[in-house]
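For reference, the structure is listed below as structure tokens.
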Amino acid sequence: AVRLQEEGARSLPHDAAARAAPADRGDDARDDDDVLLAMARELPADLLGKVLDAAPFRYRIASTWERESSATVWGPVGDPVALHGHSAAISGIQFFPRGERLLTWSRSSGAAIVWDARSGEAVCQIARNFTVESVRVFPDGGRLAMCSRRGECEIWGIGAGAACEGSPSIVFTVHYFIGHPWAVFDHRVLNVDIFPSGDRLLTWGREFGATVWHASSGTTMCKLVAQDSMVTMAEVFPDGAHVATASDETRTAVVWSVSGKCAIYATLAAADWLKAIAVLAGGDVLATADADGDVMAWSMKSTAEARTLEHPGHGFEDFIYHLQPLGGDLVAGVSPLAIVVWNATSGESLHHLRVVGARAVAGSPGGDLLVACGAGGVTIWALPGGAKLGQFGSRYMGLEGDAEDCLLAVGLAGALDRQGIGRGLSWRVLP
């Protein structure tokens, strides 16, 4: 805001600057926003373009909280949009590739709803009579894959029309591993992800192992069998030629070559049981976090080369249980009381951001925003500098002192103009 005001004051005509100046600014943050917006509406076109290209104006943020059946979309301008339509708690949330739509789904109700991200209106809904474990949008934005606890997976068309297709175009079944030691427990969580090209799917789960499927037919391309078939983590590389799998009951992550005949490309041994993996740097690096507190960056160009990322400490508050790629070389690690941002190439710890009860973290498609939720609500930081941009949706901690679980997604907001920026900023730091 200060930089914009300084540049704007030099660019505005004298009478426009007078109109933009407040009679009494006081200490109200909203007054500061009004000044900023008034000046922005008067800026020359080239300077306004720079303003609107800044990270806060480029994205929307969607969030929901534990046990809630509604979600909220926070845009760069205007009031937040509430999404009401689920009959049970929301289990997943994802923006479409261009950001114009948003997907939410509920595990217990078996429903998936596609929303218009700007208006909050439901575009279409898919209702199933089974427990849904995972739903993902295809890169083309015209289909989604839905998998159930029973191992049934379906591909649905969700074109530009006002309704989803009446029936799935592809149906296939992921079978359990017979005699698996975990089969006596109710751990039948089946995850699904889509390859960047959209021609293949990856399914994985503790009782299902990992399998690559042809999206056009639902037939098996190959099974990725290792680690006693238990797979609790999996990542598709950006090139679509490799997949990483791991289990929280082993100390190794396996990188598979899946471009032709599926085969093990590399086996990476950690010091303790693995808790999280993440692919970053365009697929050149695989990051791992283990139960001993170590976070490693493994080079895919030379898998024998591994770098330990600098860690502020190894106490409970710094125990990393989730890794989130943030674009380029940056990766964030989520711990109970903080979020650590690293440069995986250099191993340097760039930021140690305190977030009480941190539950989820997401990065913007452009890698210039970090968003996290915890007991204080949703907080936004700019990257790579780490400046705090805003905070909203404050939440109270539970009776046990724990924050509620939450879900986050960041999507593109589309182009803004002078009229759009005049509607008011929605990201404000709460007092």
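The values are calculated or read from the model by the stated rules, or taken from the named source; none is laboratory data. Keep in mind the model is a prediction, meaning the values are calculated, not measured. Cβ coordinates were reconstructed from backbone atoms using ideal geometry, including for glycine residues, and neighbour counts include every protein chain displayed. Each accessible area value is taken on the protein alone, full model and side chains, heavy atoms only, with ligands, DNA and RNA left out. Shrake-Rupley method; radii C 1.70, N 1.55, O 1.52, S 1.80 Å.
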- Message: Arg149 - would you say it is crowded, with 16+ Cβ neighbours inside 10 Å, more than 19 Å from Ala409 (Cα to Cα) and of a type in the set (Lys, Arg)?
- Response: yes
- Look at Asp272 and say whether it is at pLDDT below 90, within 25 Å of the chain's Cα centre (by Cα) and part of a loop (DSSP other than H, G, I, E, B). no
- Message: From the list Leu190, Leu280, exactly one residue is in contact with a Leu (Cβ under 9 Å, 6 or more places away or on another chain), in contact (Cβ under 8 Å) with a residue 40 or more places away in the chain and within 21 Å of His322 (Cα to Cα). Which is it?
- Response: Leu280
- Mind checking which residues of the stretch 122-148 are out of contact with any Phe, Trp or Tyr (no Cβ under 7 Å at 6 or more places or on another chain), closer than 19 Å to Arg206 by Cβ and touching a residue at least 40 places away in the same chain (Cβ under 8 Å)? Glu133, Ser134, Arg136, Cys147
- Item | Residue list for the stretch 349-373, restricted to those being modelled with pLDDT of 90 or more and open to solvent by 40 Å² or more (accessible area, probe 1.4 Å) | Leu350
- Item | Selection count where residues are touching a Leu at 6+ places or on another chain (Cβ under 7 Å) and at negative phi, scope the stretch 115-140 | 8
- Message: Residues to consider are Glu133, Glu68; find the one that is among the acidic types (Asp, Glu) and under 17 Å from Ser148 (Cα atoms).
- Response: Glu133
- Query: Restricting the search to the stretch 171-197, which residues are at pLDDT 75 or above and either in contact with a strand residue (DSSP E or B) (Cβ under 6 Å, 6 or more places away or on another chain) or buried (at least 20 other Cβ atoms within 10 Å of the Cβ) (or both)?
  - Reply: Val171, Phe172, Thr173, Val174, Leu190, Asn191, Val192, Asp193, Ile194, Phe195
- Which one is nearest to His175 (Cα to Cα) among residues in the stretch 127-142 that are under 19 Å from the mean Cα position of the chain (by Cα) and not small (Gly, Ala, Ser)? Glu133
- Query: So, in the stretch 152-170, of the ones that are surrounded by 20 or more Cβ atoms within 10 Å (Cβ to Cβ) and in contact with an Asp or Glu (Cβ under 8 Å, 6 or more places away or on another chain), which residue ends up modelled with the highest pLDDT?
  - Reply: Trp156
- Task: Report whether or not Trp256 is touching a Cys at 6+ places or on another chain (Cβ under 8 Å) and open to solvent by less than 40 Å² (accessible area, probe 1.4 Å).
- Result: yes
- Query: In the list Leu425, Leu430, Leu399, Leu408, which residue meets the criterion of being at pLDDT below 80, among the hydrophobic types (A, V, I, L, M, F, W, C), out of contact with any Gly (no Cβ under 9 Å at 6 or more places or on another chain) and open to solvent by 10 Å² or more (accessible area, probe 1.4 Å)?
  - Reply: Leu399
- Message: I'd like the residue in the stretch 198-248 that is among the acidic types (Asp, Glu), outside any strand (DSSP E or B) and within 25 Å of Asp284 (Cα to Cα) and, out of all such residues, is most open to solvent (accessible area, probe 1.4 Å).
- Response: Asp239
